[in-house]
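Since the structure comes first, as structure tokens, the remarks are kept for the end.
The values are calculated or read from the model by the stated rules, or taken from the named source; none is laboratory data. Everything numeric in this text was worked out from a predicted model, so none of it was measured. FYI the Cβ positions are ideal-geometry reconstructions off the backbone, even for glycines, and counts take in every protein chain you see.
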Amino acid sequence: MKGKKVYTIFFICLITLMSVLAGCKGNETTSSSTENSNISSKKEMPEKVEKIKVATVSNTITFLPFYVAQEKGFFKKYNLDVELTSIEGGVVALRGLQIGDLQFMAGLPESIITSVSEGSNIQIIGTLSDKTLYSVFVRPEIKKVEDLKGKAVAVLQPGNGVDITMRWWLKQHGLKPDKDVRVVSAGGTPSRVAALKNNQVQATILQPPNDLDGEKAGMKRFAVLSEELTSYNHSVISTNGDIIKKQPEVVRAFMAATADAIEFIKDPANREEAIEIGMKSFETDKETTSKSLDFVIDSIPSKGKLNVEGIEWAIEAVEEVGSIKNKVHVDDVINESFYAK
């Protein structure tokens, strides 16, 4: 009788233990299944075609990767239907990005930094150029920097990247903007070239391909700023934080297509085709497009990776001219999690 009782207790304990183990395995399976479900729900790339609109702040060779991505089908490869548009001036494009008319834009970093300091939800996710592409152009009679004292220089508008960079360069050479040199807001590149040619100003800043227009007009390339300003991002890629949060797969796809285009452009075997795409996209002749590409190609970073020191420099520069309302740190401005793998 006692043996039967011991056997019964042992049997009950064994059944209980097996039930507990089975329950644990079930929970483990459920947990694993849930985890796998969460992983699979994080889409790497869009599963259907997404229509997006992308703006550049000028129609120049700097933005060639976007046009190559369009022409070579790299956007389509990642399920993106992209409309490219050129909007003169970063402030106007930025407004479109903020209200959702645009999904991405590329341009100078200063307007983005100023906007973030004012509370906007915009982030820089990459760059098409990790150094400055600006050159200082002067009239033929200017022989040395000191000759600009008492003269006028042309910029786009106050607080713009052209304005900030010109002021920085003058200070580097011992001249005080607005005191030793008059800083004139002359508008876009054609207007600045005309003002320089007509002797309304004696210096300005130009980038490819408009620097060649300056040379053709008899103006002199006085300084290549990449030789003096070593940390900069000339054409940053930005998007709205809401897109990052709600459609990260679209951001990932856009950067992947851009990376493919950059790789294509930097391959010497594709040079002629890249030039052809540039001629078509920017309505420039072969000589202009070829020279402009030669000038910018070394500045195009693999996968569109940012020059973080350049962003830090831009923040400090914007602070110095008083355009920032609230303190901004580099982590407030950039998001480097979307580079192509």
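The table below lists the values:
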item: Some residue of the stretch 143-154 being closer than 25 Å to residue 282 by Cα and of a type outside the set (S, T, N, Q); result: yes
item: Selected residue [surrounded by 16 or more Cβ atoms within 10 Å (Cβ to Cβ) and out of contact with any strand residue (DSSP E or B) (no Cβ under 6 Å at 6 or more places or on another chain)] from 170, 175, 156; result: 156
item: Filtered residue count, the stretch 64-94, keeping only those that are over 25 Å from residue 245 (Cβ atoms), in contact with a strand residue (DSSP E or B) (Cβ under 7 Å, 6 or more places away or on another chain) and surrounded by fewer than 18 Cβ atoms within 10 Å (Cβ to Cβ); result: 1
item: Residues that are surrounded by 19 or more Cβ atoms within 10 Å (Cβ to Cβ) and without any contact (Cβ under 8 Å) to a residue 40 or more places away in the chain, drawn from the stretch 95-144; result: 115
item: Any chance residue 250 is assigned to a helix (DSSP H, G or I) and assigned by TED's automatic domain parsing to the domain that holds residue 86; result: yes
item: Test for residue 194: is it assigned to a strand (DSSP E or B) and within 30 Å of the chain's Cα centre (by Cα); result: no
item: Selection count, the stretch 64-80, where residues are over 18 Å from the mean Cα position of the chain (by Cα) and closer than 12 Å to residue 54 by Cα; result: 1
item: Enumeration of residues in the stretch 209-235 that are buried (at least 17 other Cβ atoms within 10 Å of the Cβ), modelled with pLDDT of 90 or more and part of a loop (DSSP other than H, G, I, E, B); result: 219, 229, 232, 233, 234, 235
item: The stretch 291-341, subset buried (at least 16 other Cβ atoms within 10 Å of the Cβ), among the hydroxyl-bearing types (Ser, Thr, Tyr) and under 22 Å from residue 133 (Cα atoms), residue farthest from the chain's Cα centre (by Cα); result: 292
item: Selected residue (criterion: nearest to residue 207 (Cα to Cα)) from residues of the stretch 131-159 that are in contact with a Leu (Cβ under 7 Å, 6 or more places away or on another chain) and part of a loop (DSSP other than H, G, I, E, B); result: 134
item: From 55, 93, 69, residue being at pLDDT below 90, in the same structural domain as residue 123 (by TED's automatic domain parsing) and among the hydrophobic types (A, V, I, L, M, F, W, C); result: 93
item: Those residues of the stretch 182-191 which are surrounded by fewer than 22 Cβ atoms within 10 Å (Cβ to Cβ) and either of a type in the set (A, V, I, L, M, F, W, C) or touching a Lys or Arg at 6+ places or on another chain (Cβ under 6 Å) (or both), in sequence order; result: 183, 184
